[in-house]
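Before any comments, here is the structure.
Every number here is computed from the coordinates shown, using simple stated rules; none is lab data. Note that the coordinates shown come from a computational prediction; the quantities given were computed from them, not determined experimentally. Methodologically, a virtual Cβ is constructed for each residue, glycine included, from the backbone with ideal geometry; neighbour enumeration extends over all protein chains shown.
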Amino acid sequence: RSAQKLRKEGIPVQIVADSAAALAAALIPLGTSAKGQENRVLLDSPVYYFCGNQHLKTLPDAFASAEMALEVQIIYQSQAVSKAFNTAFEVLFFYSPSGVAAFCQENTIGTAFVVAIGPTTAAAVALHTNNCAVAKRPSFAHMLSALRAHDPNRLNKKTP
């Protein structure tokens, strides 16, 4: 969705990836292989990484290992907001490890089935439960698919 929005604004998007590791795998060869002139664009242009203060070091570490410059721009600060819920949940969707931590400060996952947006979030969930599925791609639609795969009838149930 981000790439679509950028393109709509007339901003060219060269590479799209589902994870920082996949993005690094696509970008690093472009910057380190200057044999073909088509690859020089990455060497001659700054590469910016817009992220939050709790970002993973995957992309910065990959660029450092390849001796390539990466401009890390922290554009937002994650701030935990914990809230106690006086109810047991059947299903929980988590989008970040910090979301898992904030929820678990005041609550327990208990017997809820958890859907994580990706493997990093799933690792944070695993500290609290093994009753978890991981979306195949980082999107809400894929999270719903993971829930359907676990319990095909869940989304068809009527609530009272």
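Would you please list the contacts, defined by Cβ atoms under 8 Å and residues six or more apart or on different chains, that run from a residue in the stretch 75-94 that is part of a strand (DSSP E or B) to a residue that is charged (D, E, K, R)?
Val91/Arg154
Take the stretch 1-24 and flag every residue that is exposed (fewer than 11 other Cβ atoms within 10 Å of the Cβ), over 21 Å from Ala135 (Cβ atoms) and not basic (Lys, Arg).
Glu9, Gly10, Ile11, Pro12, Gln14
Filter the stretch 95-121 down to the residues that are farther than 19 Å from Ser78 by Cβ, assigned to a loop (DSSP other than H, G, I, E, B) and of a type in the set (A, V, I, L, M) and list them by number.
Ile109, Ala112
A quick yes/no check of all residues on (1) more than 25 Å from Ser2 (Cα to Cα); (2) under 16 Å from the mean Cα position of the chain (by Cα):
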site	(1), (2)
Thr58	no, yes
Ala69	no, no
Ser82	yes, no
Phe103	yes, no
Ala133	no, yes
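Please go through the stretch 122-142 and pick out each residue that is outside any strand (DSSP E or B) and of a type in the set (A, V, I, L, M, F, W, C).
Ala122, Ala123, Ala124, Val125, Ala126, Leu127, Ala135, Phe140, Ala141
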